[in-house]
Amino acid sequence: MKDKSTVLVSLLIEKNGDGYLASVPSIQGAFAEGDSIEEAIFNCVDVLKMIFGFRFYRHGKGSHELWVCDTDGCVVPIPHHRGKSIRKGTVGAIIREVGMSIEEFMQL
């Protein structure tokens, strides 16, 4: 049986152009957009599921962290530069490293 746990987080909802942005400020990278508040929340929950599918493994080179997925052993390096955004190409490389296409990730 898979270990299940409950995680309580504070969710921030903001108007974003024609839609909404749902984010969890305490978790880096935990945000998603949607046309409605409900869609933004559901999309953010999907992102959280992906984030929680991985756990911190160890520090890598420089300011990078290595995260591992316990189900398949996939190890992914994640840059951790406080106060700086991750570049578009780097995000794409991380997405591909976890075995998803950019299109699959955009559907989350």
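The values are calculated or read from the model by the stated rules, or taken from the named source; none is laboratory data. Quantities reported herein were computed from a predicted structural model and do not represent experimental measurements. As a convention, Cβ positions derive from the backbone with ideal geometry for all residues, glycine included, and neighbour counts pool all protein chains shown.
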Exercise. What are the pairs, 6+ residues apart or on separate chains, where a residue within the stretch 1-24 that is closer than 12 Å to Glu38 by Cα and among the aromatic types (Phe, Trp, Tyr) has its Cβ under 9 Å from a residue that is modelled with pLDDT of 90 or more and assigned to a loop (DSSP other than H, G, I, E, B)?
Worked result: Tyr20/Asp35; Tyr20/Ser36
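Any residue in the stretch 49-63 that is in contact with a Cys (Cβ under 7 Å, 6 or more places away or on another chain) and modelled with pLDDT under 80?
Initially, the stretch 49-63 is screened for residues in contact with a Cys (Cβ under 7 Å, 6 or more places away or on another chain), giving 53-54.
If we keep only those that are modelled with pLDDT under 80 as well, we get none.
No, the conditions are met nowhere in the stretch 49-63.
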Exercise. Which one is nearest to Ser23 (Cα to Cα), of the residues in the stretch 51-74 that are surrounded by 14 or more Cβ atoms within 10 Å (Cβ to Cβ) and hydrophobic (A, V, I, L, M, F, W, C)?
Worked result: Ile51
